[in-house]
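Trainee: Once you've had a glance at the structure underneath, I'll fire off some questions.
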Amino acid sequence: ESLAVARVSGEPRYHVIGAFMGLAFASAALEASRDTGGLRRAYFLCAGQVQNAAEADLSTLMGAEPALPSIAARAFRLGIIQPADAGQLVGMSGALLHNLDEAGPHQTTAALVAHATLLHALLADGFVMPPGTVDALTTHLSQMAGRGSSAPVRRGVLVALANLIGAWVGVPPSRVSASSPLGSRYLSPVVVEDQQSRPLVERVAGHLTAVLETDSDPKVCRLAAWVLGSLCRPPPPASVSGIA
């Protein structure tokens, strides 16, 4: 309801985006209390903006996109959405990446980060995607960073690559540890413990290292160093190992 009020009353862009971020964090409480009705409303509010991206208000879309991965993962875990619904959502989110030619850098960044994070969030909860989906997105992101993209878009690519392998940088996590508020900042055990993920992790780490060595923008380099550091942290202690 507060989101609807924000849109009608003409709140500034970041108020609307912040409202969506608050909704994403609140979805953890909705899941914990098994409030499927509240979580369902939160999910369809965000997913509806992505589905109708062409008509959506820009501020609303830029808020809904990064909020969607954590909310969608929780909705998937509670059975609010089924695998077919999750597949449709991934398709709609991915379609936005192919319609960014006229988008501004911030809109492009939001779409990149949201889609990459959504893929990881659903995969971590057992959703099965067609073979090569993650590799194809990794290639697409790397190509975007290497074809003269603006500095803000290159920064978005770095965050998207990190979140694709479970870093959860800059977006609300889909799981929160009760024993450690910092636990959710570690890589997902889906990545840490799965040897099949190793080539992808190495590929992303190699891209980040190359950015540090070759990118001329100081902000891009600082972000690459920070994101690379987030991937190099040791796995969390056993007490927080259930975080995805």
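Trainee: If I stretch the segment between residue 95 and residue 44 completely, what's the gain in nm (0.36 nm per residue apart, minus their alpha carbon distance), one decimal?
Mentor: 16.6 nm
Trainee: Looking at the square roots a ≥ b ≥ c of the eigenvalues of the Cα gyration tensor of segment 14-58, which shape do they give, rounded for a/c under 1.5, prolate if a/b is larger than b/c, or oblate?
Mentor: In terms of gyration-tensor shape, oblate.
Trainee: Which shape class applies to segment 13-132: rounded if a/c is under 1.5, otherwise prolate when a/b exceeds b/c and oblate if not, where a ≥ b ≥ c are the square roots of the Cα gyration tensor eigenvalues?
Mentor: oblate
Trainee: Subtract the Cα-Cα distance of residue 225 and residue 139 from 0.36 nm times their separation in residues, and report this length gain in nm to one decimal.
Mentor: Between residue 225 and residue 139, full extension yields 28.9 nm more.
Trainee: Now for a separate question. Quick one: in segment 91-155, what % of C-alpha pairs are over 16 Å apart?
Mentor: That fraction is 46 percent.
Trainee: How long are the three semi-axes of the equivalent ellipsoid of segment 119-175, in whole Å, if each is the root of 5 times an eigenvalue of the C-alpha gyration tensor, listed from largest down?
Mentor: Over the Cα atoms of segment 119-175, the ellipsoid semi-axes are 22, 16, 5 Å.
Trainee: List, in order, the whole-Hz ³J(HN,Hα) value for each residue of segment 43-49 obtained from phi through the Karplus relation with A = 6.51, B = -1.76, C = 1.60 and θ = phi - 60°; use x for Gly and Pro.
Mentor: My calculation for segment 43-49 gives 5, 5, 5, 6, 4, x, 5 Hz in order.
Trainee: Among 23-30, 128-135, 151-158, what's the highest-first ranking by average C-beta atoms within 10 angstrom per residue?
Mentor: Top to bottom by mean Cβ count within 10 Å: 151-158, 23-30, 128-135.
Trainee: Let me ask something else. If you add up the charges near residue 161, with Lys and Arg at +1 and Asp and Glu at -1, over every other residue whose beta carbon is less than 15 angstrom from its beta carbon, what do you get?
Mentor: 0
Trainee: How would you order 115-125, 87-97 from highest to lowest mean count of nearby Cβ atoms within 10 Å?
Mentor: Highest to lowest by the protection proxy: 115-125, 87-97.
Computed from the coordinates by the stated procedures, all read-outs in this text should not be read as laboratory data. Quantities reported herein were computed from a predicted structural model and do not represent experimental measurements. Positions of Cβ are backbone-derived with ideal geometry, glycine not excepted, and every protein chain shown enters the neighbour counts.
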